[in-house]
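The structure appears below as structure tokens.
Every number here is computed from the coordinates shown, using simple stated rules; none is lab data. No experiment lies behind these values; they were computed from the predicted model shown. A quick note on method: Cβ atoms are made from the backbone with ideal geometry, for glycine too, and the neighbour counts reach across all protein chains shown.
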Amino acid sequence: MISRRLFSKLSAAAALAFAAGFSAPAAPALAETPVKFTLDWKFEGPAAGFLLAQDKGYFKAEGLDVTIDTGNGSVEAIPRVATGAYQMGFGDINSLIKFLDEDPSQKIKAVMMIYERPTFAVVGRKSLGVTDDPKSLEGKKLGAPPPDGAFAQWKAFKQAAKIDDSKITIESIGFPVREPMLAKGDVDAVFGFAFSVILNLKAQGIKDEDIATILMAEHGLNLYGNAVLVNADFAEKNPDAVKGFLKALAKGFADAVANPEEGAAAVLKRNETLNKDIEVERLIMANSMNIKTPYVVENGFGGVDPARLSASIDTLKVSMGLKGNVKAEQVFDASYLPPKAERMLP
């Protein structure tokens with residue numbers, strides 16, 4: 001005879017075993033796909049869209065574990081991605097075209113346009129005789145960092161803007177001394193991204209009214225700017241990861257456009273030495289000049305016009321001496337972009 005107490009214990013144990021047998025096992029945690037991403041430059045205002053996508057969990061929601069590193073110029077991001085040292089990055093699409101023209105077998109392509117209008121500029125000082133007229137550069141000394149994306153377009157720009165460069169002196173300078181040299185008057189103007197040079201000059205004590213900005217896009221150079229790049233092997237093996245990354249980025253950049261203060265705060269989290277007001281201004285400048293352009297307002301963020309991209313390749317034959325080995329469809333792959341409705345900026 002089984003005692004009532006023992007029967008109760010056995011019944012309880014059986015009930016637990018029964019429940020355990022029919023309850024669903026805990027789902028294993030899905031491993032996040034690691035993505036190393038290189039920026040083109042330092043943590044500054046225009047990088048806010050990338051950083052907000054990370055801070056607000058947009059990458060994580062797509063199953064991605066993203067690491068964002070700073071860069072050393074919009075050209076140097078390209079070999080980082082092509083070699084697989086970074087799965088994805090942010091770099092100048094014109095330099096990418098040159099890179100692929102030299103070797104079409106390189107494992108890299110662009111998948112999302114960020115700067116629909118390039119930031120390429122020559123920035124000078126009015127007190128040194130430079131105005132917003134490109135011809136004011138004639139007879140001047142220009143400072144040029146060799147890896148700079150704007151300087152890479154000098155040959156095509158001077159042709160488009162009808163600049164006589166016979167009396168122009170080009171001095172090779174490093175990025176760290178670019179704005180200090182212009183502030184001291186060691187050069188009359190410098191090549192660079194407009195929002196970087198202008199605000200760095202202001203940080204050097206140069207007043208707004210003394211700064212002359214010549215935007216190449218406003219003087220005949222109809223090119224695209226920086227784009228998100230991906231290692232082709234990584235994209236082939238992880239198409240959903242690339243799609244998820246771009247979906248998250250579309251949200252991050254929408255937030256950076258809607259709330260530049262929030263975007264600048266994300267930047268300052270990574271670099272506390274920056275001035276928040278300057279980074280807010282830099283981000284607003286990038287949003288209006290390069291990111292939320294009339295084309296993007298109508299067609300959505302991240303895509304390109306294939307005909308325009310093809311025409312830009314013809315322009316690059318002048319500025320970069322292309323051999324003609326690459327076509328637009330080899331450079332930009334729109335298949336990873338989210339639908340247009342998810343790419344409209346506020």
| message | As I understand it, the value is the acute angle between the Cα axis of helix 276-286 and the longest principal axis of the Cα atoms of the chain; what does it come to in degrees, rounded to 10? | response | 80
| message | Which order do the peptides 246-255, 125-134 come out in when sorted by mean C-beta neighbours inside 10 angstrom, highest first? | response | 246-255, 125-134
| said: Taking the Cα of residue 166, stepping 7 Å toward and past its beta carbon, and measuring to each backbone N in the stretch 107-148: which are under 20 Å? | reply: 134-142
| query | Pairs 36/251; 317/340; 109/207; 141/207: which exceed 30 Å Cα-Cα? | reply | 317/340; 109/207
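Based on the Cβ-Cβ distance from residue 32 to residue 344, what FRET efficiency comes out when R0 is 22 Å, to the nearest 0.05?
Computed FRET efficiency for residue 32 and residue 344 comes out at 0.20.
Once you charge only the Cβ atoms, +1 for Lys and Arg and -1 for Asp and Glu, what is the size of the charge dipole of the chain about its Cα centre, to the nearest 20 debye?
1000
What is the packing order of peptides 256-266, 166-176, taking the mean over residues of other C-beta atoms within 10 Å and listing the highest first?
Working: 256-266: 20.6, 166-176: 12.6.
Highest mean packing first, the order is 256-266, 166-176.
Show me the ranking of peptides 69-82, 308-321 by mean Cβ neighbours inside 10 Å, starting with the highest. Provide the component values of the computation, followed by the final result.
Details: 69-82: 20.9, 308-321: 17.0.
Top to bottom by mean Cβ count within 10 Å: 69-82, 308-321.
Expected output is a single nm value to one decimal: the length gained when fully extending between residue 159 and residue 288, i.e. 0.36 nm times separation in residues minus the C-alpha distance. What is it? Please list the in-between numbers first.
Working: separation 129, 0.36 × 129 = 46.44 nm, distance 2.68 nm.
So the extension gain works out to 43.8 nm.
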| Straight-line reach from residue 269: which aspartates and glutamates have Cα under 16 Å away, leaving out those fewer than 8 places along the same chain? | 44, 55, 69, 261, 277, 279
| Beyond 33 Å, what percent of the Cα pairs of the chain remain? | 32
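Restricting to Cα pairs below 8 Å that are 6+ residues apart, what does the relative contact order work out to for the stretch 181-323? Please round to a whole percent.
Numbers: 56 pairs, mean separation 30.9, N = 143.
Rounded, it is 22 percent for the stretch 181-323.
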| query | Given a cut-off of under 8 Å on Cα pairs at least six residues apart, what relative contact order in percent is computed for the stretch 120-218? | reply | 47
| message | For Cα pairs less than 8 Å apart in space and 6+ apart in sequence, what is the mean separation divided by the residue count of the chain, i.e. the relative contact order in percent? | response | 27
| Do the sum for the chain: with -39,500 (n - 2.57) for every DSSP H run of n ≥ 4, divided by all residues, what is the mean residue ellipticity at 222 nm, to the nearest 500 deg cm²/dmol? | -12500 deg cm²/dmol
